[in-house]
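Asks: Have a look at this one before I ask anything.
Each value in this text was obtained by applying a stated rule to the coordinates, not by laboratory testing. In this text the structure is predicted, and so the values were computed from the model without any measurement. Note that we place each Cβ from the backbone using ideal geometry, even for glycine, and neighbour counts take in every protein chain shown.
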Amino acid sequence: MTTTHPERLPLLTRRDRIMITITAIASMAAGVLYFAHANALLAFTISALALATLASLVGRSVEAVGDRLGPNATGILQTALGNLPELFVILFALKAGLYGVVKATIVGSILSNALLVLGLAFVAGGIKHGRQRFAADDGRTLGLMFTLAVFILAVPSLTAAIHTPAQQHERAVSVVVSIVMLALFALSLPATLGNRAPGSALQAGDKCSRATSPIVASPDSAEAASAATAHGEWPLAMAIGMLALAGIGAAFASEWFVAVLEPAMHAAGINEVFAGLVIVAIAGNAVENFVGIQLAVKNQMDYAVQVVLQSPVQIALTIAPIVCLAAVWLGQPGFDLVFSPLLLASMIMSALVAVLVTFDGESTWFEGAVLVALYVAIATSFWWG
């Protein structure tokens with residue numbers, strides 16, 4: 001009796017080679033344009049491309065490390081490192097004193113995932129498969145966690161908007177809120193570590209396992225996201241080395257991007273809030289954008305909803321508080337988490353809409369179109385500042 005073995009993937013697939021090549025070319029070009037003091041718009045565009053490709057390479061490297069360490073590690077690594085390029089951009093912008101860009105990028109990252117990416121996933125999946133279904137309980141849990149995270153993040157802004165006595169202590173309120181959010185994130189880790197034993201591979205057709213943590217990517221959703229972009233099998237040393245190189249590259253590209261941001265905005269007539277809300281947010285979330293839509297097209301809506309909605313929760317509970325607490329070390333002790341009324345309202349709207357569209361466990365292309373339309377309307381309102 002002949003035993004068949006699954007076909008082993010090559011070390012580098014064609015997709016891997018293309019991704020690494022584009023990343024290397026874009027990163028080197030961004031560096032050359034920065035040091036040559038080239039046209040600001042061109043340098044800005046190439047730097048944004050470099051950031052997007054580096055974010056993709058970071059995501060791929062995290063998946064490769066997770067393949068060797070187990071699915072639970074993949075979920076935690078994706079949560080901890082998946083937003084690394086975006087975090088670098090925000091920190092460099094904060095160091096440069098671009099508070100408007102920083103706050104707009106935080107809100108823009110939340111909006112782009114909850115409205116634009118989720119909407120595009122619903123549209124792409126709905127056109128191909130019609131009405132799609134996903135685990136309603138998981139959808140409601142994610143939607144509720146997203147709403148609570150946004151509400152916690154909104155507290156400093158509300159104290160300023162309604163002129164409470166705490167308005168005189170906006171920085172202190174922001175620090176306390178940041179610590180609370182990071183503590184909530186830390187509480188989610190033990191449940192994830194014990195979520196599923198390593199080696200219990202995800203089988204085609206299996207239903208999505210209930211995520212014990214709505215904050216950290218579940219093992220099954222992490223595996224599904226990895227399978228959606230079939231890559232080669234990287235040795236652990238290669239995966240760690242590639243992750244380190246991509247992380248270092250992201251740090252340099254972020255610095256170059258922020259350095260040309262202001263002159264590029266002036267040249268293009270774009271204000272800093274719109275740049276952060278739309279351009280920086282979309283470039284930094286390129287990985288989640290692509291994978292979430294791919295999963296919806298494959299009719300894996302359980303995983304698509306997890307991948308897309310966990311990202312804004314992670315941004316609210318990790319990126320925002322880290323930036324707030326790091327402000328002192330970056331020479332910006334006056335930075336706080338008080339957002340403008342329109343940014344605050346947009347963030348709250350996105351959370352409430354996410355709850356509404358995931359509550360019934362079903363999605364259609366029209367619901368997706370409505371989400372995209374809301375995103376476009378909000379983005380347009382910031383075009384003039």
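Asks: Where the centre of each part is set by its Cα atoms, how far does segment 306-357 sit from segment 247-270, in angstrom?
Replies: 21 Å
Asks: Rank the residues R17, R68 as a footprinting-exposure proxy: fewest other Cβ atoms within 10 Å of their Cβ go first.
Replies: Values: R17 12, R68 15.
Fewest to most other Cβ atoms nearby, the residues stand as R17, R68.
Asks: Please list the non-local residues whose amide H lies under 5 Å from the amide H of E362, H modeled 1.01 Å from N, same-chain partners needing a gap of 5 or more.
Replies: Correct list: F134.
Asks: Moving to a separate point now. Subtract the Cα-Cα distance of H129 and T164 from 0.36 nm times their separation in residues, and report this length gain in nm to one decimal. Spell out each step's value before the answer.
Replies: Details: separation 35, 0.36 × 35 = 12.60 nm, distance 5.05 nm.
Separation in residues times 0.36 nm, less the Cα-Cα distance, equals 7.6 nm.
Asks: Right, something else. What distance in nm lies between label points placed 7 Å from Cα along the C-beta direction at T380 and E233?
Replies: 5.2 nm
Asks: Using 0.36 nm per residue, how much length does the chain from L325 to L356 gain when fully extended, once their Cα-Cα distance is taken away?
Replies: Working: separation 31, 0.36 × 31 = 11.16 nm, distance 3.26 nm.
Full extension from L325 to L356 adds 7.9 nm.
Asks: Starting from segment 96-198, pick out the trypsin sites (Lys or Arg not before Pro) whose DSSP state is loop and whose Cβ has at most 12 other Cβ atoms within 10 Å.
Replies: Numbers: sites: K103, K128, R131, R133, R140, R171, R196; in loops: R131, R196.
Those that pass, being in a loop and sparsely packed, are R131.
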